[in-house]
Each structure stands twice: as C-alpha cells, then as structure tokens.
Amino acid sequence: SKGWMKDSGQTWDGKITVSSYTLEEMISSYGHPQFVKIDTEGADHLVLAGLGTPINRIMFDLRARMPREAAECVARIHAFGSASFSPAPYSFRFMERERWVLSPRLDPLEMLRRLPDWGDVLAERIP
C-alpha cells in the first residue's frame with residue numbers, strides 16, 4: 001500500500017506484475033479455512049473488503065500510522081458478527097520465540113485506541 005511504502009523509507013520506482021486471488025476464490029478452490037493470515041503490507045483492509053464468507057480466526061497486520069485501514073479491518077470482521085481482538089505487537093523478542101505472543105483480548109474500540117507501531121492482530125469470531 002502507499003502508506004506502507006511511505007513508512008518503509010525505501011524508494012519504490014519499479015513495477016512487477018503478479019497473479020493475485022481473492023479469499024473467496026481460494027475458499028472456492030481449497031475449502032473453508034480454520035485460520036487465515038493476511039500480510040499484504042498495509043493492504044489487509046482491501047483483502048478483507050472482498051471477503052464474503054465468515055472465517056473463525058483471521059490474523060492481519062496493522063500500523064499505528066494507518067488507523068483508518070485498521071478500523072476498516074475491524075469493521076469488515078464485525079460485519080460477520082461479534083469478534084474478539086488480540087494484538088501481537090512486533091518485537092525482536094516476538095520473532096526470536098518463533099510464535100505469536102498475544103496481548104489480552106480487547107474490544108475493537110480499545111484495540112484501535114492502542115494500536116502498536118506495527119504488528120498483527122488475531123481476530124476470533126464469538127459464537
């Protein structure tokens with residue numbers, strides 16, 4: 001995304017063409033997943049915007065500098081019903097453990113108020 005590119009500090013002057021598939025196309029081809037990890041460098045809200053099938057557990061990226069995109073992710077997930085959100089802020093300790101270290105579950109408004117510089121959020125549907 002443009003926001004991610006701006007924050008990266010890199011010069012992005014080239015283009016490449018890649019194939020892409022929607023989550024709905026992937027579900028149609030491979031079946032309904034139990035878990036989806038979205039990591040599209042600031043475009044996670046666009047991936048979720050096209051989702052028409054509820055998924056019980058979704059992990060997506062977020063950044064404090066991109067609160068609108070984070071709010072769009074939360075809104076799209078909530079369109080399928082109630083969900084809890086557990087942030088996993090990025091840190092070197094987090095990476096060294098090679099597993100997600102999640103914060104306590106937060107309601108979506110509280111999570112949006114406490115956005116980390118960048119990290120992941122695990123969203124789990126509440127039956």
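Each value in this text was obtained by applying a stated rule to the coordinates, not by laboratory testing. This one's a predicted model, so the numbers in the text were calculated from it and none came from an experiment.
In table form, for the structure just shown:
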item	result
Using θ = phi - 60° and Karplus 6.51 cos²θ - 1.76 cosθ + 1.60, couplings along the range 72-88 (whole Hz; Gly, Pro as x)	5, 4, 4, 4, 5, 5, 5, 4, 8, x, 5, 8, 9, 10, 10, x, 10
Extended-chain gain in nm, criterion 0.36 nm per residue less alpha-carbon gap, Glu25 and His78	17.0 nm
